[in-house]
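The values are calculated or read from the model by the stated rules, or taken from the named source; none is laboratory data. Being a predicted model, the structure only gives us computed values, none of them experimental. We place every Cβ from the backbone using ideal geometry, glycine too, and count neighbours over all the protein chains shown.
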Amino acid sequence: MRVVSGIQPTGNLHLGNYLGAIRNWVRMQDEMEEGSQCLFFLADLHAISMPYDPAELKSATLEMTAALVACGIDPSRSVLFNQAQVPAHSELQWLLNGTARMGWLNRMTQWKDKAGKNREGQSVALFAYPVLQAADVLLYQATHVPVGEDQKQHLELARDIAQKFNNDFASDDAPVFTLPDPYIPPEAARIMSLRDGTAKMSKSDPSEMSRINLADDADTIMKKVKKAKTDPEPLPSEAAGLEGRAEALNLVSIYSAFTGKSVADVLGEFGGQGFGAFKPALGELLVESLAPISARFRELRQDREALDAILARGAAQARDIGTPTLNATYQALGLVRG
């Protein structure tokens with residue numbers, strides 16, 4: 001089993017990033033059987049498909065590396081790297097562009113959403129980035145790729161590209177690419193803004209009070225939790241009572257995610273109590289749970305040499321793993337290389 005997954009580097013890592021994606025990566029790494037392998041990468045090549053600031057991208061890539069390691073990704077057990085240090089990702093994308101079809105890419109929901117009405121003004125990279133996503137996983141002969149609802153279509157495209165390439169350029173008994181299967185992780189907590197329970201927690205929200213950052217200290221966490229938007233009603237005793245109470249549901253869900261208790265169990269403990277009692281309990285739980293992560297994150301973020309070394313080592317491993325597939329692809333296409 002070989003699991004491959006990527007994440008776009010963004011600064012200001014927050015609770016939503018941790019509970020929504022990073023924690024599941026750590027679980028996969030820790031539960032991997034002997035002989036299996038996890039490859040996790042920072043998708044910096046994907047980041048240039050939209051307008052961006054080069055200095056911010058560089059900084060965010062290192063910050064994301066620090067966050068992943070602080071959260072539990074172990075570079076000695078998993079391969080952790082950034083795409084830009086493994087040119088084979090870009091090479092394989094170009095080779096696969098000959099197999100991918102315009103109609104397939106035109107149907108991509110995320111292309112439609114991100115391009116909006118100004119499709120003619122978008123970069124070619126934005127249109128073709130699902131082919132790069134396919135290259136990201138096919139390069140390493142991934143057997144499984146973690147997917148959420150928004151990525152299922154892209155994994156299906158990767159399988160279509162792999163299948164067509166194998167049919168067109170390889171024999172049935174010696175396919176070039178493995179068709180990756182989806183890996184459905186345990187349901188990730190969907191964490192919403194502390195100021196608006198109907199909007200996802202996001203670093204783009206102008207209000208710092210809307211999110212809990214991994215770098216926040218204990219006092220800041222407690223302050224943000226205590227000032228989180230709520231309603232005047234006490235917590236219900238059953239989950240059905242949270243319907244229509246987005247902010248209450250969000251805070252209970254965060255408590256549930258960190259304790260491993262169900263929402264029903266959390267309400268069984270706090271039902272009938274007001275937020276004056278629940279918020280301090282939630283704040284203390286977050287402070288205790290995030291303290292070691294925050295301390296390690298702040299330490300690593302200041303150690304540029306260590307972060308560069310982690311990414312360089314991971315990239316060297318990734319290049320070694322991906323080279324045979326890239327060579328086989330060139331050979332199958334009849335391309336002469338020195």
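Brief remarks on what is shown
- Residue list for the stretch 285-294, filter: touching a residue at least 60 places away in the same chain (Cβ under 8 Å) and under 22 Å from D231 (Cβ atoms): L286
- All positions within the stretch 101-115 that are of a type outside the set (A, V, I, L, M, F, W, C) and closer than 10 Å to Q153 by Cα: R107, T109, Q110
- Total residues in the stretch 210-238 satisfying the condition of being surrounded by fewer than 16 Cβ atoms within 10 Å (Cβ to Cβ) and either part of a helix (DSSP H, G or I) or hydrophobic (A, V, I, L, M, F, W, C) (or both): the figure is 4.
- Among the residues listed as A312, A318, the single one being closer than 13 Å to L62 by Cα and small (G, A, S): A312
- Count of residues meeting criterion [out of contact with any Lys or Arg (no Cβ under 6 Å at 6 or more places or on another chain) and either of a type in the set (A, V, I, L, M) or touching a residue at least 24 places away in the same chain (Cβ under 8 Å) (or both)] in the stretch 201-214: 5
- Here P51 clears all of (1) touching a strand residue (DSSP E or B) at 6+ places or on another chain (Cβ under 8 Å); (2) over 24 Å from R190 (Cβ atoms) except the condition numbered (1).
- Residue list for the stretch 86-109, filter: among the polar types (S, T, N, Q) and either in the same structural domain as A215 (by TED's automatic domain parsing) or surrounded by 18 or more Cβ atoms within 10 Å (Cβ to Cβ) (or both): Q93, T99
- Residue in the stretch 158-174 that is in contact (Cβ under 8 Å) with a residue 40 or more places away in the chain, closer than 27 Å to L15 by Cβ and in contact with a helix residue (DSSP H, G or I) (Cβ under 8 Å, 6 or more places away or on another chain) present: no
- Scanning the stretch 1-52 for residues that are under 14 Å from I73 (Cβ atoms), hydrophobic (A, V, I, L, M, F, W, C) and out of contact with any Pro (no Cβ under 9 Å at 6 or more places or on another chain) yields I7, L13, I22, V26, M32, C38, L39, F40, F41.
- Subset of the stretch 312-338 that is part of a loop (DSSP other than H, G, I, E, B) and of a type outside the set (A, V, I, L, M, F, W, C) - its residue that is nearest to T178 (Cα to Cα): G334
- In the stretch 18-55, the residues that are assigned to a loop (DSSP other than H, G, I, E, B) and not β-branched (V, I, T): M32, E33, E34, G35, S36, A43, S49, M50, P51, Y52, D53
- Subset tally (residues that are under 30 Å from L19 (Cα atoms), out of contact with any strand residue (DSSP E or B) (no Cβ under 8 Å at 6 or more places or on another chain) and in a loop (DSSP other than H, G, I, E, B)) for the stretch 131-177: 2
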